[in-house]
1. What is the magnitude of the charge dipole of segment 38-92 about its Cα centre, with +1 placed on the Cβ of each Lys and Arg, -1 on the Cβ of each Asp and Glu, and no other charges, expressed in debye to the nearest 20?
2. How many nm is it between the label spots at residue 124 and residue 177, if each spot is 7 Å from the Cα in line with the beta carbon?
3. Of all accessible surface on the chain at a 1.4 Å probe, what whole percent is carbon and sulfur?
4. Could you tell me what percent of the DSSP beta bridges with both partners in segment 106-173 are antiparallel, to the nearest 5?
5. Just check segment 1-102 against the gyration tensor rule for me: Cα atoms, a ≥ b ≥ c as the square roots of the eigenvalues, rounded for a/c under 1.5, and otherwise prolate or oblate depending on whether a/b exceeds b/c.
6. Please report, to two decimal places, log10 I(q)/I(0) for the chain at q = 0.13, 0.18 Å⁻¹ as given by the Debye formula with identical point scatterers on the Cα atoms and no solvent.
7. Residue 85 label point, 7 Å along Cα→Cβ, cut-off 19 Å on backbone N: hits in segment 49-69?
8. Report the charge-dipole magnitude of segment 88-173 in Debye, nearest 20, computed about the Cα centre from +1 at each Lys and Arg Cβ and -1 at each Asp and Glu Cβ.
Amino acid sequence: MMEVWRGDRRFRGGDGAGVETSHAFSFGGHYDPENVAFGHLVACNEESLAPGAGFAEHPHRDTEIVTWVLDGTLEHRDDHGRTALLAAGDLQRLSAGTGVRHTERNAGPQPLRFLQMWLRPDPFGGPPEYTAVTAPVPPGPGLRLLASGDPDACPPVRLRQPRAALYAGRPDGPDACALPDAVHRYVHVARGSVRLADAEGEALLGPGDAARITGTAPVTASTAGPAEYLVWAMDPRP
């Protein structure tokens, strides 16, 4: 089953001080009992930060936080002394583990836009971990593996969730590929348009749109031109 969630259905948030957020799931003071998670994914936030704007130091615990930068420059700092500057096309993973505090802000002169995704870890606990990867997916055909908890996979980023994997598609022209197999697949379009097709039909997704796919039936993603999209492939606990 494929369910399309349009970008204009996302809950709008932000602090009114240069931060605008678009939430795919229940988040903070916004609670929808019918929309709290999909598979292991519990947040998928589109963040837009004006120059100099950001999130003051705040805590996380037992959460896998994966960030994909779309435009601008993101600065990360945490209470373990780690700092990083990430540009468009860069990836970071913060595994909060037993607890971490961090800040995120727009460190550049241009608007910053990034996609931040949270997953339930397995196992819980463990020391906090941080990884930043520069430009792991150059433009080109097909999907490339970004992050995985599978010990036999070779992703740039290792997740503390063995039954989840993140892929990125950045075709620079017309393209078609099969989505990875999984019981739960979540597709988010950041740029351009992506057509998803299965045996029951098809759906065209534009920027900000997402699809939640349940079941293992084959699904094809195709583009008519340049696009950028992310795919989570997730299986339930055995």
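1. Working: 3 positive and 10 negative charges, 13 e Å.
Charge dipole, segment 38-92, about its Cα centre: 60 debye, nearest 20.
2. The modelled label-to-label distance comes out at 3.6 nm.
3. On the way: 5470 of 10280 Å².
Carbon and sulfur atoms account for 53 percent of the accessible area of the chain.
4. Working: 6 of 8 bridges.
DSSP beta bridges in segment 106-173 are roughly 75 percent antiparallel.
5. Details: a/c = 1.66, a/b = 1.35, b/c = 1.23.
Prolate, because a/c is 1.5 or more and a/b exceeds b/c.
6. Ignoring solvent entirely, the Cα scatterers give -0.76, -1.57.
7. Those under the cut-off are 49-55, 68-69.
8. Numbers: 10 positive and 7 negative charges, 41 e Å.
Dipole of segment 88-173, to the nearest 20 debye: 200 debye.
The values are calculated or read from the model by the stated rules, or taken from the named source; none is laboratory data. On a predicted model such as this, the values are computed, not experimentally measured, just so you know. Reconstructed Cβ throughout: ideal geometry from the backbone, glycine too, with neighbour counts over all protein chains shown. All accessible areas refer to the heavy atoms of the entire protein, side chains included, with ligands and DNA or RNA removed. Shrake-Rupley method; radii C 1.70, N 1.55, O 1.52, S 1.80 Å.
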